[in-house]
Amino acid sequence: MSRIKKTNLVKSRKAISIEIGFGKRRSKLFTLKWKANLLPSELTRSESFWLVRSSVKEETVLKYLRLKYFWKELSDPELLLAFSHPKFLRDIAFNVALQAVAQSNLSREVIVDRLGQGLAVLGKKCFLRKQLLAQWDNNTLILAEETTRTIRKHKAFSGWVRNASSLGSKRARPSLPEPFSEEVAEIYLDEYEFLYTLISVGRIETNSGIRVSILKSTPTRGETESKL
């Protein structure tokens, strides 16, 4: 009886290599690593990672990717790199700007201008200004390569144990809730609501009686595009 050779029916995807920015190649680069896919593939029994070398730290890499994404300057492979990072969308100002783009008729320029004024009230800087693109492009370099590693197949448990003590205690252990700070959640929601209301309405009055208004004769998204 002839043996049938097992073949992998899943076609492997070519690994992706990305270069973002025009910064100088330094002798020492920061090395970062994060998963390229949320769940490992059961068909190929493999998982993918992004191996990233950059001239800037991880926090700055995320700010740079958010900036380029907001102004639609990321290619499809670069989008995969950005959105696979677990902290890419964990930025209040960035999420507020994206919601304003999706749910208002304001142009991106107006949204960023109002966002910047709102962040200034909070004592923060805005990293989504279009003028920063050229500066960051010329001083930032990101080299990313997708790597894949095979997941070893785990041996099935036979059910055999040496003795009863190997099973451990059968008493159910109470599950402890994850630590959660209501103060942090309240601050997050207050900041998000403050910035979004300021962008979409143009004015806001806080519970403490502080009034902020940034209303100007601002063009909508359609009017801005027609001028370009």
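The values are calculated or read from the model by the stated rules, or taken from the named source; none is laboratory data. Everything numeric here is computed off the predicted structure, so don't read it as measured data. Cβ sites come from the backbone with ideal geometry, for glycine too, and all protein chains shown count toward neighbours.
Annotations for the structure displayed:
- Enumeration of residues in the stretch 189-203 that are over 16 Å from residue 124 (Cβ atoms), buried (at least 16 other Cβ atoms within 10 Å of the Cβ) and not β-branched (Val, Ile, Thr): 200, 202
- Filtered residue count, the stretch 112-137, keeping only those that are over 20 Å from the mean Cα position of the chain (by Cα), under 18 Å from residue 72 (Cα atoms) and assigned to a helix (DSSP H, G or I): 3
Every residue, every condition in (1) closer than 18 Å to residue 136 by Cα; (2) assigned to a strand (DSSP E or B); (3) modelled with pLDDT of 95 or more, yes or no:
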{"site": "50", "(1), (2), (3)": "no, yes, yes"}
{"site": "66", "(1), (2), (3)": "yes, no, yes"}
{"site": "93", "(1), (2), (3)": "no, no, yes"}
{"site": "96", "(1), (2), (3)": "no, no, yes"}
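- Here residue 21 fulfils each of the conditions (1) over 20 Å from residue 135 (Cα atoms); (2) at pLDDT 95 or above apart from (1).
- Any pair with Cβ under 7 angstrom, 6 or more apart, that starts in the stretch 84-99 at a residue that is in contact (Cβ under 8 Å) with a residue 60 or more places away in the chain and closer than 18 Å to residue 124 by Cβ and ends at one that is acidic (Asp, Glu) and crowded, with 17+ Cβ neighbours inside 10 Å: 92/191
- Condition broken by residue 76, with the remaining ones in (1) within 11 Å of the chain's Cα centre (by Cα); (2) more than 22 Å from residue 196 (Cα to Cα) satisfied: (1)
- The set of residues in the stretch 73-85 that are in contact with a helix residue (DSSP H, G or I) (Cβ under 9 Å, 6 or more places away or on another chain) and within 18 Å of residue 130 (Cα to Cα) comprises 73, 74.
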